[in-house]
Structure formats: structure tokens, C-alpha cells
Amino acid sequence: MSPKGDIWCVLYKGVKSMEPETLFINSMDQLYRMARFMLSDVQDAEDAVQETYVRFLIRKPKLKDEEHGKAWFMRVCINICKNQLRFRNRHPQCNIIEVDTKGVDFGEREILREISLLPVKLRSAMILYSIEGYSVKEIAGILKISEAAVKKRLQRGREQLSIRLGGEIS
């Protein structure tokens, strides 16, 4: 038996036939289905399952039997999914390119694409002002910053767009 196997046998309190890889592989499909259902996204579900395995390898929990191992995997994976959902809710993202752009000419699409590549602080101010039509005062209230900060973000955003677009924007 390999040195790694000896370590894991001690961790599993006498359940010598249960290797960590086998335990994970036996639970993987169930973990993926649960994560896919919770997150509604293939890549995020795969990430959650991988993160579950990484945490398993790092923490090396002492498991009594296979059922305890499956329960540990499920609980950890559920917590990872909850953390991802919490992050999504606190940091909503919508790529401006995904927004309906029917009737928008090529030049405007290029500007929208460049706005979507700006840093978050500048992008949010630019979108609220240029696309949504909010006033500086309204943006200050929405972003909970001063009007001067909004004006500065708009100025910096315009400067960056001008540089990226080669001076096409005023």
C-alpha cells in the first residue's frame, strides 16, 4: 500500500477499503446534479463540485463510513453553491453585449462593447448616465457617492473610451 493510502486509512477509522478518490467519484454525479439544480449553470456547477473535492483534500475530514462521507460532500457542496448564489446577488453582472441591441448600428455597438470593458466603477456610472439616462444627482443617489465623484467617474470613463476608440467619442 502507498504511503498516501496509509494516511487515509487512519483518517477513515478502520474503513480501509474506502479510498478518498473512490468516495468522491461515487458521490460526484449526485453532487453535480444538486449543484446544477441550485446554480442553473453548467460551469458554476462543475466549479462547485471541483471546489468540494479541493476542500476534501485540504481538510481531510475523519469520516466514519461511506454515508457519512456522502453527507459531508453534500453539505460542503451545498454551502459552496449558497456562497456562489450570495456572491451573484451581491455582485450582479450583465454583459452589455447581451442586452438587446436590435436597431443599434455598428458604431454604437462598438461603443457599448468598450463600455462593457471599463472598470466596474466607471462602467456603472457610464451606463446609468449614457444608456439609462439618469442625471448626475440620481446616479449619486443610486451609487451612494457624491455628485462630484459621479462627474469624475464619467470624465474618466469618457477619457478611457476616447483612448480606446481613437478619439471618436466626445
Item to complete: Filter segment 42-86 down to residues that are under 14 Å from Asp29 (Cα atoms) and buried (at least 18 other Cβ atoms within 10 Å of the Cβ), then give me how many there are.
Response: 7
Worksheet item: Just one of Asp44, Asp29 is in a helix (DSSP H, G or I), farther than 16 Å from Asn79 by Cα and modelled with pLDDT of 85 or more; which is it?
Response: Asp29
Worksheet item: Which members of segment 120-137 meet the condition of being over 15 Å from Arg156 (Cβ atoms), out of contact with any Asp or Glu (no Cβ under 7 Å at 6 or more places or on another chain) and either polar (S, T, N, Q) or loosely packed, with under 15 Cβ neighbours inside 10 Å (or both)?
Response: Ile131, Glu132, Gly133, Ser135
Worksheet entry | Pairs, first farther than 16 Å from Gly69 by Cα in segment 22-51, second open to solvent by less than 70 Å² (accessible area, probe 1.4 Å) and among the charged types (D, E, K, R), C-beta under 8 Å, six or more apart | Ala35/Asp44
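The values are calculated or read from the model by the stated rules, or taken from the named source; none is laboratory data. Please read all numbers here as calculations on a predicted model, not as lab measurements. Don't worry about glycine lacking a Cβ; one is built from the backbone with ideal geometry, like all the others, and counts go over all protein chains shown. These accessible areas exclude ligands, DNA and RNA; they are computed on the full protein's heavy atoms, side chains included. Shrake-Rupley method; radii C 1.70, N 1.55, O 1.52, S 1.80 Å.
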